[in-house]
Structures are given as C-alpha cells and as structure tokens.
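Beneath this line is the structure, given in structure tokens, with notes to follow.
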Amino acid sequence: MAFTVAPIRLVFVFTFIILASIVANISVMGLPLEPAQPLSGWRLVFRDLTVFFSRCIAFSAGIMSQTVKGRQASSKEAPLLIMAPHTSSIDPLAGAMVGLPGAVSMMDNAKIPLLGAIFRANQSIFVERGDPDSRNKAAAKIKMRAEAKGAWPQLIVLPEGFCSNGKSLLPFKTGAFLPGVSVQPITVKYNNRRLDVTSWVDTGPGLISMWSLLLCTPITRIEVMLHPVYHPSDEEKENPELFAKNVRDLMSSYLKLPKTEVDQNDLRELVKRSRPNRGAVHMWKNLLVNGYIEMPSREYFS
C-alpha cells in the first residue's frame, strides 16, 4: 500500500510546491529582494494563498494530522518565534501551521527554483554566507522590525542551527538573541508511535531516503505547541549567551528533553572520521531496531 501511495503523494507535493511558488511570485512581483516596507493590500491575499498551499504540501506528504496548541502572540508582543527541536527538513512545514513566518536565511535560498519565491513572500531576512558581519547585520534588521511595533510579520528561528534526532536539545546559537527582544518559544513533536520517520541528521541517511520514508508512511502526525512569551531581563538583553541559555533551559523543560553539548563541528568530524553508513537498508534496520535514527553522544568525542 505504501509503495502505491508514495508516487501519488510525490505528484501532489510537487503540484502544491508549484502552486505555492506561483502565488508567492505574484505577492512579491516588482519588489526588491528585501523591501523596505512589509507587504500590504492585495499582496497579502497572495501571501495567504502561499501559506495555504504550503500546508497542502504537508498534507500531501502524509502529514494529515496537524495540531496547533496554545495562543500565538502578535508580532508586537513577540517579534521572534523560537522553534525547537530542529529535527527535519520538513520543519518549515511546521512553520506553515503558524502562518509561515519569515526566517533569517542564507541569500542562496532566495535563488532556489520554486522555493526562493516562498522565502521572499514570507519576508525573510537574507544574509550573505561569506560576509563576516552577517550576524550583526541580521540582528540589526531584526531589531529594526521589532521596533516597528507589529508593522512587520514575525520571524521564526531554529536556534540549534542544524538537525538532530530530537532525543536531546542542542546548543542554541546566539544570533536570534542579539537584538534582545521578546520571543515566543515553540516546540514541535512528530508523533508516529514507535517509528521516527522525519529526523534527518548528518550521521544518518540522506535527504532522499528520509523523504521516501515519509511518503511511504500512511499517516504522520505533527503537534506544534505555542508557549508563553519570554521577556528578557536587562541582564539578558546585554548578554545574548545568557538569554539563549535561559530560553534553551526553559524549552528543555517544556519538551522534557535532556540537553547535549554536541555541536555541528563535532558531527562533521565524526562523519569525516567514521564515514557512517547512510544507505536506505541501514536506515530501515536502524529504525526497526531503535525506532529512531542514531546520533552520537558527547562522550563519543572525548
């Protein structure tokens, strides 16, 4: 049954990606890459259609149960949404469940065929990969939008910076906390009973393997929980490391997950040293035995 459904789902996924891209392109037609003013008027109609088709992409991929709990704060209350854990390439589809907020994204993403227009329609902030001052520039843009008192839509940030298997919370990067503005924590859970069909990690199977697994799964469930707005203290506003640590501690308690200090450099070193088996057969064996994709602990590197 799964292998019959997968190609049909794939057709619908690409259909809705194309539709989302078309309406997204219309919403930003004639505008520069980063407009000086937020979208307004008729452009918002096409942006809302982009959100709708983005949710249709998730539904077509088998994410048929999409639950949002809690109250989403306004852009004036919390200019930034902080989402964790970052486990999957489909996390942006979870973002569609809260209105497809903009993101702090690499400039390269704006040039991706079909998807680039969607990044522009959600009014993302773009940074240059080779610019050493990009983090400070992004922080300045976030602060400018925050000071607009709700005129700009919210931005969503995944502060872990790379994917894990969701069994622990990775260190938070401080970029999103540099502006010192109020944030709303958002936690994401993919509920598939015993099997984890969404996690995508550097030491695990490739993107194609994971999407194949997702498309072959009869139903994938996603739950997005919106937590109370976190207002930084004066000390946290001056110390983004402290701000990031305290929000991470809070989200760890919400998720009931331990924290780990494994970072992206650790995983890159592991991949370089051990050359893990990322094949589809190994992926299925791993899932059936453990229920999730394995990821090394910090002790592995000691």
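Structure notes:
- Intensity falloff of the stretch 1-160 expressed as log10 I(q)/I(0), Debye formula with alpha-carbon point scatterers, at q = 0.15 Å⁻¹: -0.84
- Taking 22 Å as the limit for the C-alpha separation, the pairs Lys111/Lys141; Lys189/Lys256; Lys149/Lys245; Lys141/Lys189 exceed it in the case of Lys149/Lys245; Lys141/Lys189.
- Ile208 paired with Phe12, simple spin-label distance in nm, labels 7 Å along Cα-to-beta-carbon: 2.4 nm
- Simple label model, 7 Å out from Cα along Cβ direction - Ser89 to Asp48, nm: 3.2 nm
- Calculated log₁₀ intensity ratio I(q)/I(0) where the Debye formula runs over C-alpha points of the stretch 16-88, q = 0.23, 0.25 Å⁻¹: -1.19, -1.18
- HN-Hα J in Hz across the stretch 72-86 - Karplus 6.51, -1.76, 1.60, θ = phi - 60°, x for Gly and Pro: 7, 5, 6, 4, 5, 6, 9, x, 10, 9, 10, 10, 7, x, 8
- A simple packing score, the average count of other Cβ atoms within 10 Å per residue, orders the peptides 99-107, 23-31 as 99-107, 23-31, with the highest score first.
- Förster-model FRET efficiency, 41 Å R0, Asn191 and Met144, C-beta, rounded to 0.05: 0.60
- Backbone amide hydrogens, once placed in the peptide plane, bring Thr220 within less than 5 Å of Ile63, Met64, Ser65, excluding anything fewer than 5 places away on its chain.
- Taking a point 7 Å out from the Cα of Val5 in the direction of its Cβ, the residues of the stretch 44-64 whose backbone N falls within less than 17 Å of it are 56-64.
- Filtered trypsin sites (Lys or Arg not before Pro), the stretch 52-107: DSSP coil and at most 16 other beta carbons within 10 Å: Arg71, Lys76
- Close amide H partners of Met106, meaning residues 5 or more places away or on another chain with modelled amide H under 5 Å apart, are Val127.
- Extension gain (nm, one decimal) between Glu128 and Ile22, 0.36 nm per residue minus Cα-Cα: 35.6 nm
- Computed from backbone phi with θ = phi - 60° and the Karplus coefficients 6.51, -1.76 and 1.60, the 3J(HN,Hα) list for the stretch 227-237 is 9, x, 5, 9, 9, x, 6, 4, 5, 5, 5 Hz; x is used for glycine and proline.
- Applying 1/(1 + (r/R0)^6) with R0 = 35 Å to the Cβ-Cβ distance of Glu238 and Ser65 gives a FRET efficiency near 0.25.
- Computed label-point distance, nm, for sites Asp263 and Leu114 using a 7 Å Cα→Cβ extension: 3.6 nm
- Computed from backbone phi with θ = phi - 60° and the Karplus coefficients 6.51, -1.76 and 1.60, the 3J(HN,Hα) list for the stretch 99-106 is x, 6, x, x, 9, 8, 10, 5 Hz; x is used for glycine and proline.
- Over the Cα atoms of the stretch 1-41, the radius of gyration divided by the Kirkwood radius equals 1.28; this is the Rg/Rh ratio.
Just so you know, all these numbers are worked out from the coordinates, no wet-lab data involved. Fair warning: this is a prediction, and the values are worked out from it, not measured in the lab. Because the Cβ atoms are built from the backbone with ideal geometry, glycine has one as well, and the counts that use them run over all protein chains shown.
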